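Encoded as structure tokens, the structure appears first; notes follow it.
Nothing in this text is a laboratory measurement; each read-out follows from the coordinates by a stated rule. Since this is a predicted model, take the numbers as computed values, not measurements. Every residue, glycine among them, receives a Cβ derived from its backbone with ideal geometry; neighbour counts consider all protein chains shown.
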Amino acid sequence: MKKITIVMSLIVAATAMIVIACNEGKAKTSDTTTPALSQEALIKRGEYIVTAAGCDDCHTPKKMGPNGPDIDIDRRFSGHPNNEPTGKADTTVFKNGYVLFGMGLTNAVGPWGMSYAANITSDSTGIGMWTEQQFFNAIRKGLSKGLEGNRPLLPPMPWFAYKNYSDEDLKAIFAFLKSTKPVKNVVPQWKQLKDL
């Protein structure tokens with residue numbers, strides 16, 4: 001009985017030491033908070049992240065140049081142009097494990113249908129009227145327009161990877177996108193595979 005009491009006392013003491021050590025570690029880290037960025041610094045951070053993440057690859061229309069498609073800076077982040085024809089897609093390639101991209105790389109066709117890169121400029125046809133919460137929902141939950149009940153974001157949008165950004169990073173991305181030149185462009189609606 002005495003052995004059991006000693007063992008139990010040691011377990012209780014060890015547990016108490018672990019709890020105290022964990023709480024001390026938390027106290028030390030909570031004292032060091034990240035200072036809030038100015039609006040200008042937040043926008044610059046957002047621009048850095050958006051550029052590094054390759055958002056132009058899909059969300060910016062391209063112009064054909066001598067080396068292939070180049071970013072059309074005048075339409076930066078405006079998504080798939082609403083007046084650009086997409087043509088008929090050869091859906092037989094899906095059987096061989098392929099998907100198709102349009103020439104401007106702003107639309108894609110796969111087993112989900114045809115999806116179009118969204119306008120993410122500050123224009124009202126883009127995300128100009130969005131709240132920060134809608135943006136967070138779009139990225140974290142994969143919802144079109146960030147609204148519950150809307151269709152999911154479609155491939156090739158890698159929201160499932162971007163959802164891992166910190167709140168601070170998403171705030172910076174949103175601040176940058178809201179600061180971009182507004183480009184009026186109502187992106188075409190998603191087409192189901194049966195409609196292609």
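Modelled label positions at D167 and Y98, each set 7 Å beyond Cα in the direction of Cβ, lie 4.6 nm from each other.
Sparsely packed loop sites in the range 110-187 (the GluC sites (Glu not before Pro) outside DSSP H, G, I, E and B with at most 11 other Cβ atoms within 10 Å) comprise E148. Which one of A138, A175, P155 has its Cα pushed farthest toward the positive end of the charge dipole of the range 131-196, where Lys and Arg give +1 and Asp and Glu give -1 at the Cβ? Most positive-ward Cα: P155. Tell me, what is the FRET efficiency for I73 and F160 to the nearest 0.05, using R0 = 22 angstrom and their Cβ-Cβ distance as r? E between I73 and F160, to the nearest 0.05, is 0.15.
Quote the Stokes-Einstein diffusion coefficient, in whole µm² s⁻¹, for the range 40-102, based on the Kirkwood radius over alpha carbon pairs, a temperature of 4 °C and a viscosity of 1.567 mPa s. Mind dumping the intermediate values first?
Values: Rh = 14.1 Å.
Reported coefficient: 92 µm²/s.
Once C-alpha pairs closer than 8 Å and six or more residues apart are averaged by separation and normalised to the residue number of the range 37-195, the relative contact order reads 30 percent. Relative to the compact-globule estimate of 2.2 N^0.38 Å, the Cα radius of gyration of the range 37-195 comes out at 1.04.
Rounded to two decimals, the Cα-based Rg/Rh of the range 135-174, with Kirkwood Rh, is 0.96. With the simple spin-label model, which puts each label point 7 Å out from Cα in the Cβ direction, the M64 to V186 separation comes to 2.9 nm. In summary, the aspartates and glutamates within cross-link reach of K63, defined as a Cα separation below 18 angstrom excluding same-chain residues under 8 places away, comprise D72, D74, E84.
The peptide list 69-79, 43-53, 108-118, 89-99, put in order of mean Cβ contacts within 10 Å with the highest first, becomes 108-118, 69-79, 43-53, 89-99. Counted by Cβ distance under 11 Å from T131, the other residues give a net charge of +1, where Lys and Arg count +1 and Asp and Glu count -1. As an exercise, use a Förster radius of 22 Å and the Cβ-Cβ distance of M129 and Q39 to find the FRET efficiency, rounded to the nearest 0.05. Rounded to the nearest 0.05, the efficiency is 0.65.
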